[in-house]
Amino acid sequence: MPEFLQYLSSLTPARTGNFILNESSFLLSRLLGKPLVAGLPWAAAFEPTTSCNLRCPECPSGMRKFTRQTGHLDLDFYQTVIDQLSPHLLYLTLYFQGEPTLNRSLPEMIWYARQKNIYVTTSTNGNLLDEDISKALVESGLNRLIISMDGLDQETYSKYRIGGDLSKVRKGIENIVHWKKELNSSTPYLELQFLVLGTNEHQIPLLKAEAKALEVDKLSLKSAQLYNHDKNPFLTSLSGFSRYKPGKRGELQLKSNLPNHCHRMWHSPVITWDGNVVPCCFDKDATHMMGDLKHQSFKEIWLSPKYISFRKKLFNHRQEIEICRNCTEGISL
């Protein structure tokens, strides 16, 4: 089934009505200049784990710089939350921080959401895609699988993916392609992702041939979020793939001027492995916890005074919110 038909197949009358209500409230909020929320989010991200097998230097998980605890999402708790979300949820992202495949329940989590006809995507560094996990992911009904491969030789690849093995990533892709053919499955839609860095930008011309050889469905080039802007070797010289630009004093700053609105506050919250709801995927350390799903319902959190207050601040003083300073919304690359 083509990917756009997979999206459409997730629609139900209730989900369609909620989507229209939710999106309309965001558009009205922008028109009036104040946050008005109607309906519930039609997309969400759930974090399978904060653990990671690599040590990527611009990633909080890789750098082991979290202030929050490291752990795995519990399957029973996950299923309870999905039961709450499924009437209005169209799209589920099963990753946030960490390497999702380290949670051995990942295929079951995907399968459970797919049984409720929710479109599911996940992302991996690809180092753990052995025969067993690859087969399980294909059998789970996963709609989209993103595999990061940020270099075309081991030397280049390992400058950022510290601890990673490029040969394992290539083999992992081959395993997924093999099991799709073996099981006669059109899913998962396989996306090869290349994070454009100063250390690998010279390999961009070779990417199309690599993607074709690996038989992936899509090749995507992604800009990098950087924490250290001063003489960072990972900062690309290709302005079209950089989120940053020189400021008046030569310092780097985000290309976006951070307009006082954000679509994510209406349609795509993030749930951490231990049940906290945070505003979006840029709150990597969960500094803005809106509520705890182990003690509150999702709807209660979504419409809570704390969430409403956060949206109001975003509509008036977004530049004061730290997590917004790396946001890609509004950036033209």
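Overview of values
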quantity	calculated
Å² per residue, accessible surface of region 44-202 at 1.4 Å	37
Rounded to 5, percent antiparallel among DSSP beta bridges of the chain	25
Percent breakdown of C-alpha pair distances by 10 Å bin, ordered from the shortest bin, for region 167-320	9, 25, 25, 28, 13, 1
Computed E for residue 225/residue 9 - FRET, C-beta separation, R0 25 angstrom, nearest 0.05	0.15
When region 59-189 is reduced to its Cα atoms, the Kirkwood hydrodynamic radius in Å	15.7
Additional length obtainable on full extension of the chain from residue 317 to residue 74, 0.36 nm per residue less Cα span	83.8 nm
Net dipole in debye of the chain [+1 Lys, Arg Cβ; -1 Asp, Glu Cβ; about Cα centre; nearest 20]	1180
Violating pairs (Cα-Cα greater than 19 angstrom) within the set 34/306; 218/245; 65/168; 34/299	218/245; 65/168; 34/299
Most positive-pole-ward Cα, 73, 126, 207, against dipole of the chain from beta carbon charges	207
Debye equation applied to the C-alpha atoms of region 17-89, log10 I(q)/I(0) at 0.25 Å⁻¹	-1.01
Residues with amide H under 5 Å from that of residue 222, placed H, sequence gap 5 or more	194, 195, 196
Cα-projected label distance for residue 326 with residue 25, points at 7 Å along beta-carbon direction, nm	2.9
Karplus (6.51, -1.76, 1.60) ³J(HN,Hα), θ = phi - 60°, over region 193-207, in Hz, Gly and Pro reported as x	10, 10, 7, 6, 10, x, 8, 10, 4, 5, 9, 4, x, 8, 5
Amide N proximity, region 1-38 versus residue 185 label position 7 Å along Cα-to-Cβ, cut-off under 14 Å	1
Ellipticity estimate at 222 nm from DSSP helix runs (n ≥ 4, -39,500 (n - 2.57)) divided over the chain, nearest 500	-10000 deg cm²/dmol
Relative pair counts by distance (%), Cα atoms of the chain, 10 Å bins	5, 24, 33, 27, 9, 0
Eligible aspartates and glutamates near residue 222 by straight Cα distance, threshold 15 Å, same-chain separation 8 or greater	58, 150, 191, 201, 329
Surface share of carbon and sulfur [accessible, 1.4 angstrom probe, percent] for the chain	54
Amide H contacts of residue 276 (H built 1.01 Å from N, under 5 Å, at least 5 apart or other chain)	293
Rounded, prolate or oblate (a/c below 1.5 giving rounded, otherwise prolate when a/b exceeds b/c) for region 115-252 by Cα gyration tensor	prolate
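The values are calculated or read from the model by the stated rules, or taken from the named source; none is laboratory data. No experiment lies behind these values; they were computed from the predicted model shown. As a convention, Cβ positions derive from the backbone with ideal geometry for all residues, glycine included, and neighbour counts pool all protein chains shown. The accessibility values were calculated without ligands, DNA or RNA, using every heavy atom of the protein model including side chains. Shrake-Rupley method; radii C 1.70, N 1.55, O 1.52, S 1.80 Å.
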